[in-house]
Amino acid sequence: MQAIGGKYLAVAAAAVILGAGVAAHAQDQNKGAAPAPSAAKSAPAPRPVSAAAHREMEAKLTYCKTCHGVNGQGFRGAFPIPRLAGQQPEYIKNQLDAFIQARRTNVVMNHVAQALSPEMVDFLANSFHKLNPPPLGGASASLAAAGKDIFHNGVKSADVPACATCHGDDAMGNDKIPRLAGQLNDYIVRKLTNFDKERGLKASDEDVSSLMKPIAHNLNQQQIAAVAAYVSTLR
């Protein structure tokens, strides 16, 4: 019995020694290794919008549609009011800021924009972006053919680059570059003709609109009408 007991004690001692060796080896392997990164802090959850605040936002959206059309498709009245449906959210936000900061002038919008909170601006920009009604149309089909060439190839003799370079082949725009697809042709004509008097009016605080100044200036009225006619047909 003593021999057997001694044998078991020897095996147990060997196991302890082996275990200690493995632990020591693991410590050596981990020595100098960078500590495991702690779990990234989760982003704070967005603040919930109260029912009252949501109703106020919806009411403001309805108010905007009074001028910009039931589906944001634009409106022709005493003067053309632009389509906002499908417009790039960042462009809408940038232009509302431009009205607030006097980088862009419009008697109505300079007043309206001042009353909008940042949360309201986000809501309106995203709401209009989601709309996708068909274009109102009304442009000359014969002009649209010439406008397509200018949009995709530019006017080299006038140092005018292809509109598609910034606005995209589909005229959908990107970020602060506006969507032109489906925009009212007469609105585009009006804006390009008066670009210097309405956009980029604060030299100390220029934005992406400044890129259009020389381009708008170098296009003649026929070319402006042609480009406007073409993009107004796009969806």
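The values are calculated or read from the model by the stated rules, or taken from the named source; none is laboratory data. Nothing here was measured: the structure is a model prediction, and the numbers come from that model. Virtual Cβ from ideal backbone geometry, glycine too; neighbours counted across all protein chains shown. Surface areas here come from the heavy atoms of the whole protein model, side chains and all, with no ligands, DNA or RNA. Shrake-Rupley method; radii C 1.70, N 1.55, O 1.52, S 1.80 Å.
Worth a mention:
- Any hit, region 156-172, residues being out of contact with any Lys or Arg (no Cβ under 6 Å at 6 or more places or on another chain), β-branched (Val, Ile, Thr) and either open to solvent by less than 70 Å² (accessible area, probe 1.4 Å) or modelled with pLDDT of 95 or more (or both): yes
- Qualifying residue in region 219-228 (condition: closer than 22 Å to LYS93 by Cα, open to solvent by less than 80 Å² (accessible area, probe 1.4 Å) and touching a Leu at 6+ places or on another chain (Cβ under 9 Å)): no
- Exclusive hit being at pLDDT below 95, part of a loop (DSSP other than H, G, I, E, B) and open to solvent by 30 Å² or more (accessible area, probe 1.4 Å), set LEU201, LEU180, LEU234, LEU211: LEU201
- Condition check for LEU192: open to solvent by 20 Å² or more (accessible area, probe 1.4 Å) and either touching a Pro at 6+ places or on another chain (Cβ under 8 Å) or in a helix (DSSP H, G or I) (or both): yes
- Comparison of ILE177, ILE188 shows that the only residue that is touching a Phe, Trp or Tyr at 6+ places or on another chain (Cβ under 8 Å) and closer than 14 Å to GLN87 by Cβ is ILE177.
- For LEU136, the criteria (1) outside any loop (DSSP other than H, G, I, E, B); (2) among the aliphatic types (A, V, I, L, M); (3) open to solvent by 40 Å² or more (accessible area, probe 1.4 Å); (4) farther than 22 Å from ASN94 by Cα hold in every case but one, which is (1).
- Which listed residue, of ALA139, ALA113, ALA181, ALA125, is over 23 Å from the mean Cα position of the chain (by Cα) and not polar (S, T, N, Q): ALA139
- Among the residues making up region 79-109, those that are open to solvent by 40 Å² or more (accessible area, probe 1.4 Å) and in a helix (DSSP H, G or I) are GLU90, LYS93, ASP97, ILE100, VAL107, VAL108, MET109.
- Considering only residues in region 155-171 that are part of a loop (DSSP other than H, G, I, E, B) and out of contact with any helix residue (DSSP H, G or I) (no Cβ under 8 Å at 6 or more places or on another chain), the one that is farthest from VAL208 (Cα to Cα) turns out to be ASP170.
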